[in-house]
Structure formats: structure tokens, C-alpha cells
Amino acid sequence: MLLWCVILLLASSGDGAVFKIGVIYSPAMSSYKELIDGAIEDINSRGDVLPDHQLTADHVLLPSADLTELILKKQELDDANVTAIIVLDGHREPVHLEASSTPGVPRLYVSPGVPTTLPTGVSLYPGDAVLATLLADVVEGYGWKSMVVVYDDIHGLDTLGPFVNAAAFAGNRVVYMKVKTNRGLSTIRPQLREVLGRVRETVEPTIILHCDTFVTRDVLDEARNFVLLREETHWIITNLDAGSIDLSVYEFTHVTLTSFSLVSPDQRNASVLQALAVVAVMTVALALDESVRQGYDLQSQDWSRNGTLLDHIKQVSFEGQTGWVSFNQGGSRRNVSVDVIENDSGNLTKAGTWSEVNRTLGLVKSGKDGPFVFGNKPFRVITRLSPPWVTKKIDSESFHGIDKYEGFLVDLMKVLSKRLNFTIDVEKVYDGELYDKEIKRQFDKGVHLGMVMKSMREMRRKYYELSPELVEFGYTIFTPKPVKELTGLLSFMTPLSPQMWIFFALAMVVVSLFLTLVNQVNPYEWRWLAKRGQVEPSQGGYYNAWNSLWNVFSSTVGQGAENPPMSFGGRIILGSWWFFVLVVMASYTANLAAFLTVKPVNPIRSMEDLARQNKLEYGFIKTYAIKRLFETADSFPLLDMWERISANPDWLVDSNEEGIKRAAKGNYAFITFSGVKFRRISELCEVEMVGQPFYKYHVALPHSHWLSPQD
């Protein structure tokens, strides 16, 4: 009975065929495997498409342009007997597409710019002619009469044929500029900056960006530094995958960014290529379903290779994640509908809808408000190298302007430039101290801000204004780090004092003398036993003066006596010595471990400790404001310290570098502001900051008088 049930089960399951779809990935799109598998699983779980059949995927990773490897991958698909092939190739190289396709099997292309001249090719991405017509209609809808077109190597100017013709026919002024890319599909930054510099020189507020997704991100990021993202400018991004770019980061620039969306509103944050990959699976499934309904022999592959399945794919028509899906006889997408999206204060707003059938646009341009802070003028700053506020990048030669530097103040200025939409022009970078008079001289030349921390002293107000306080500092003490004494070959003696080692050596001598004396007078010792002939004559000298000292020393280092005393008195003396050595060596071992692991304590912990000691000299920078604090002091410890400093004027230094180096050499304590710890961190290996900061003050950024402190 059980056997018949198994036979019936196998017979009933034999009616359903398994259709295999080949999926070819370029390395850049290999992450789509799970997406394809999920789409196939959804179709298999449905009851209205291929209800009695199953779909599976045969995934093949497309290799590099090595023709031999491409042919091998092609042979894999030949052997797999796939019914259709979905090509996920983001590099737009026809040699890949042609070499990795099984003849006669329908091929569905997802990436943009793929030619559909191959007889079995079907493209789900709208053709270049469709997108160029869309761009021409949108430009006409906005009423643009002049513009700049920035395009890259990947898309090329030839993909904008209908737009170029329409612009020329309408008499529009169009300037075309090309952004070069490398093999990794990323921009060449110096060349990109050169292009954007020329765009700025055109003073053109309307810009069309016709680039790959990654290039689009780079262009927008650099355009902000060239003051090309502001309220007066309007950009059109032709890339249908602009929804995967976070345009909300440009919210505070008040720029108008218009982009095109092929996907449904609930999918706009996803990549359009991901949506098209899912649509490709559904397209194949619907075509297979139609073939099954028409009764084709599923045991033969002819119906899928003789053009029948391809005809059914071209006849597919359904509503998908990318709008209405249908194809013409050439295998291109037709009746395309695209939403025109504007980025309004970080939010995506639908401004109109364009259809290939009905090319009318009811564009509603969203209003923007909010002034551009400095107009087209760059914000001019000076700074000095001062970690952690401003430091030069290791690979600074590869960058331009403020991007050469990093640090807290650099990050702060970059955030402000994004919020208030201005570009930063670094006028001059100082490597040494930047004094008040030099800052004022630069402000008189038109510099706006000093990107350097300055204490908020009232005396500085005669030179420049100060921003609101940024951080609190104070003065502190830098002293040499305490070192362990007697390091080197004699470091093992450090756990015990010299007096202890001397007493220990004297004890060894005394014990050895007692053992020698006992050996001389006790009739039961080795010397008398040898005289009586009870032992060998040579054994009688076991405990003479020299051998007694040797036996005591060997007991000290844990070896024990080679021949113990024979008399009861001698054994008491040597046993007592063994116990004494046990206690001393245990204490020595414990102290040695503590000496090797415990960090020595700095005796200087405050200004009071520094004033009471006489070993260390101390001082500060001659021109620092703390000098007046010492001069006017009338009590301990500052009064006592100033008396000693006045008597030794050479204790004062000219710079932080000199003070730190002097403290590192030893015998000197340097009093300076606590920020030095961050600025000279690489030089503080031999010094340490002790105590709590005192004489605290706030620091701010200096700026020219015309810029109010509130700004």
C-alpha cells in the first residue's frame, strides 16, 4: 500500500516542469543574487502564475574581459539548458553581453545603455532616446534658454541625441563639459574640480548632470565647495537611480534638485536597478506562463530557443515596480512613464509626470526661501597647524583647499559651510605661533576668520572680534616622568637597600666563621673524624674557612650544602641560616615583582608641591598672561615661586616647543595651558601633565570686525 502511494505521488508531481533562468552578474552587481532568489520564491508561492510549475535560477558571475573566461561562462549556460537569461551587467560592455549569452535564448538586460541590436535581446531600462526626449521636454517645461551639461565617460554625449537636437532647434545656449572617470567608475578628483571651476566661471544657474550614480555623488559633493549648490541654482539629474542618493544632505543649501523616478512612490529609496531585476523575473515568469497555457512541449527546448518564448516576452504587459511594463518588436521598453521629482528642503516632492505617449508636463516648481550667506564670494580664512584643531593630512598633496587639512576646526567649518551654503577659501596656513597683530593684518587684507583658538582676553578686542566660547582651558604643569633608579645590570639589587645587602653579606661571613669554629672544636665534626681515621683525610676539610663560606653561599642561592655538618651544633647553625635565607629571599622576590610592575609615583601633584621642592626648576612662556598672575601674587605658593623665577630669569622660555623639550630632558617643570597635551602629543613620551588645571579661561575663534559675534 505504501509503495502505491509513493508511485502515485511521483506520477502526480511529474506533470509540473521546472524552468531554469540563467542570471549573469558583473562583479559590481553580485549582491543582487538574494534579490533574484527572493523574486523567484515569491512567484513560486503564487497561484496565478505558473501554478503547476517551478522557477529556479542558475547564477553565473561574469569574469573580467578575458575572452577565454567569457567563453567558459557561456559554455556553463549551454550545459545548464536555461530558458531565459537575465543580464545584470553594470559595466555596459557589449563584449561581455554577447560572449556570455546562449544563442537563441531570450536575454533580458537591466542596466542602462545596453544595445538591443542582438536578435534575442530585450531591455527593461528605458532607452537613451526616450530619456533624452524626457530631458528635452523637462527643459522646455522649465523654460530654460541656457544651461551647462556635465556628462561622464560612462553615459557619453551621444546618448543625449534628441535633447541636443531639440536644444539646437530652439536656439538654446548649451555648454557641454565632460567629467573623466577611471576604470573603477570613480571620478578623477583634480579633473573634476577643474571642470566645476569652469562651470562656476560660466555663471550659469541651470545645470544638467548626466552621469553614473557614483559620479553623480562625487559631482554634487564637490559642487558644494564651488558654491554651485545655492538657492539661485537649479540642477537636473538625468540618472534614474538618483533615488538611491541621499539628497537630504543638501537641504540647507536651498538648491533645487530635479530628478527622474521610474519606480513607484513606495520604492523611491531603493535602487532602480534592483526594481528592474525583480521586474525581469516577473517578465520571464509571465512569458513562461503564456507558453504553458498555449500547450508547448515542455520536454523540448526548441520552444524557448526558436523565438517563441522571445515573442511571448515582447507581448508581456503588466504593472510592475517600475510602472507599466511592455516592449516593442525591437525589444525596447515602450510606453514609459516617469515622475519628475524635486528635492524640497530634503523632502522629495512630485513636480510632474512625463509619459512617452503623452509628452505634456504640468511642472510645478517648488518655491525656496532662505538667503545665501555670502553670495558668490568665498569665505576667506587663515589658520595655523595646531593639533587637534588643525593638522595636515598625510596624503594632503592629493587634495585641494581646506580638504588638505583635518581636525576639530576643519570639521566645524565644513559643517557650517553645508548648513549656511558657503565655500571656504584657505588664504594662508602658519606653521608657528599666530600672533594678534598678524591676525589683524590679515583681516585688514579682507580675511574673514582666523581658524585658530584664542583665549577670550579683553585685550584682544582692540585687534578683532571673538566668536562665542568653544571650549574651556586652564594652565597646568608638565614635569619629567619619574624613572626607576638603578636600571640596567644592577637593577636586580633595587628591591633591597644597599645597607640590607651589606648586612646580608656580613651575615654570610659570620655564619661561615661559626661553622669553621664548630668544625675545629667539636670532636664529632669532619675534622676530628678524619684524625681518628673514621673518614677519608680529604673529608676533614669540608668545613674549613673557605668551604664553610662556599656552603653558606650555596644555601643562599638555593643549592644547599654539599656535605652537611656532622655534629648537632653545626646542623643547628646551618638550619637557622637556611630559615633566615628563606624569609629574605621571599621578601626579595615580592619586592622585585613590585619594582618591575608598579609605576613610580610623581612627587609633584600640585603647585604647592612644586613650590616646596628644590630639585626641579620651573617656568613658563615669557609672553603668557599667566606671568601677570605670578607678579601680582601675595601668598604661597605663587609668591614664593615668583621670587625664585625672578632670581633665575633663564627659567622662562620663548615657546611651548622649548618648554616641552626642556621638561623632557629632566630637571624642569613647564607651566603652560592644558591644550598643549593635545597639540604636542607625539612629544610627550618623556613628560606628563600633573594636577588639575588652574587659572581657567575660555577660547574662541577670532574674526574681522564686520562679522558680528552672533555669526
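The values are calculated or read from the model by the stated rules, or taken from the named source; none is laboratory data. Remember, predicted model here, so these are calculated numbers, not experimental data. Every residue, glycine as well, gets a Cβ built from its backbone with ideal geometry; the counts of neighbours run over all protein chains shown. Each accessible area value is taken on the protein alone, full model and side chains, heavy atoms only, with ligands, DNA and RNA left out. Shrake-Rupley method; radii C 1.70, N 1.55, O 1.52, S 1.80 Å.
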Item to check | Mean separation of Cα contacts under 8 Å, 6 or more apart, over the residue count of region 110-208: relative contact order % | outcome: 29 percent
Next on the checklist: Students often get this wrong, so check it: of K314/K350; K462/K622; K599/K665; K481/K661; K392/K428; K437/K665, which have C-alpha atoms separated by over 24 Å?
Outcome noted: K314/K350; K437/K665
Checklist outcome for this item: Log10 I(q)/I(0) at q = 0.12, 0.13, 0.18 Å⁻¹ for region 188-270, from Debye over equal alpha-carbon scatterers, is -0.34, -0.40, -0.75
Checklist entry - What FRET efficiency do you get for L596 and K33 if R0 is 60 Å and r is their Cβ-Cβ distance, rounded to the nearest 0.05? => result 0.60
Next on the checklist: Sorting check: for 125-134, 630-639, which peptide has the highest mean count of neighbouring beta carbons within 10 Å, and how do the rest follow?
Outcome noted: 125-134, 630-639
Checklist outcome for this item: Note on region 121-184: alpha-carbon gyration tensor, axes a ≥ b ≥ c; rule is a/c under 1.5 for rounded, else prolate if a/b larger than b/c, else oblate; result oblate
Checklist entry - Can you run phi through the Karplus equation (6.51, -1.76, 1.60; θ = phi - 60°) for region 497-506 and list ³J(HN,Hα) in whole Hz, with x for Gly and Pro? => result 6, x, 4, 5, 5, 5, 4, 5, 5, 5
Item to check | Heavy-atom accessible area per residue - region 582-672, 1.4 Å, Å² | outcome: 56 Å²
Checklist entry - Computed over the Cα atoms, what is the radius of gyration of region 557-695 divided by 2.2 N^0.38 Å, N being its residue count? => result 1.81
